[in-house]
């Protein structure tokens with residue numbers, strides 16, 4: 001899909017005059033001129049008219065006062081009210097979604113002109129930001145369509161691969177039983193079993209990513225869920241110089257969660273931490289409470305991650321391992337999102353990584369029902 005973007009129209013400001021005059025002076029000048037003119041006429045009339053013409057003189061003075069007031073009101077309306085009315089009209093147009101507007105009084109070299117120029121600049125920035133957002137949206141939609149197509153294709157392939165894989169596993173099992181105990185081929189059969197198990201796990205992760213199921217939420221002890229994952233991870237590292245410590249909070253309230261899915265999340269983080277270590281190391285798992293959320297932290301002393309890796313690790317199919325699928329952490333994030341929780345990671349190359357999961361004790365929907 002090709003993405004086209006149009007360039008936002010620009011409004012060129014006219015050259016501002018070199019002499020800058022404040023709008024207050026502009027508003028007063030007409031009044032001053034009229035006053036001076038009226039004073040001059042009044043003086044002339046006083047000198048030329050006779051005493052019995054005082055009534056005409058007073059009438060003339062009154063007319064001059066009316067003219068002065070009219071000129072003052074007209075000047076203020078032209079210099080101040082007209083730009084404000086235009087500004088209100090343009091803002092109404094913008095509120096309707098049309099950003100192709102600009103005010104005309106930005107040409108004035110005074111405070112009103114400053115307001116107009118800043119307004120036009122703001123609208124220009126809004127227009128550019130909207131075009132950028134629209135471009136990003138089209139890009140994301142195109143990428144989502146592409147991933148959806150790949151997901152459907154991968155799901156079909158996963159089902160097609162699983163059936164013959166099960167047959168291969170059965171044949172290997174039979175061959176392994178028939179081999180003599182001293183046969184060197186037993187080691188090869190063992191390796192094949194491990195590879196089949198790995199392929200099956202990849203297919204399971206792929207199907208889980210393509211067709212996720214909502215969590216079955218129940219209030220239960222989060223300590224128990226995490227402890228089971230820790231015990232299973234310890235069984236898988238018996239031959240490695242890695243130690244897993246578990247620090248739980250005994251008085252932690254029950255948390256509404258899907259114990260199977262959170263077990264999968266914690267186990268995935270533990271296995272990732274094990275694979276991030278070269279040689280000996282320690283993984284520390286802690287349960288606790290922070291505000292209205294239960295917190296699970298998984299910290300390791302592995303090789304850590306760079307800033308670029310931290311921004312990519314939750315994306316599907318992104319992995320830092322040569323034999324990884326890049327689906328584990330994307331599944332982790334989706335499960336935590338389904339629980340209305342949060343997951344954060346901090347890491348530094350050579351100093352390990354720490355994943356923190358926050359799960360609310362009471363979900364938003366349940367809290368609204370209680371209220």
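Here, each number is a calculation from the coordinates, and none is a lab measurement. The structure presented is a predicted model; accordingly, all values stated were derived computationally and were not measured. As a convention, Cβ positions derive from the backbone with ideal geometry for all residues, glycine included, and neighbour counts pool all protein chains shown.
Per 0.36 nm of contour for each residue apart, how much would the distance between residue 309 and residue 191 grow if the chain were fully extended, relative to their Cα-Cα spacing?
39.3 nm
Per residue, what volume in Å³ does the convex hull of the Cα atoms of region 218-370 enclose?
Residue-normalised Cα hull volume stands at 111 Å³.
How far apart, in nm, are the 7 Å Cα→Cβ label points at residue 290 and residue 221?
Distance between label points: 2.4 nm.
Given a Förster distance of 35 Å, report the FRET efficiency between residue 182 and residue 239 from their Cβ-Cβ distance, rounded to the nearest 0.05.
Efficiency computed from Cβ-Cβ geometry: 0.90.
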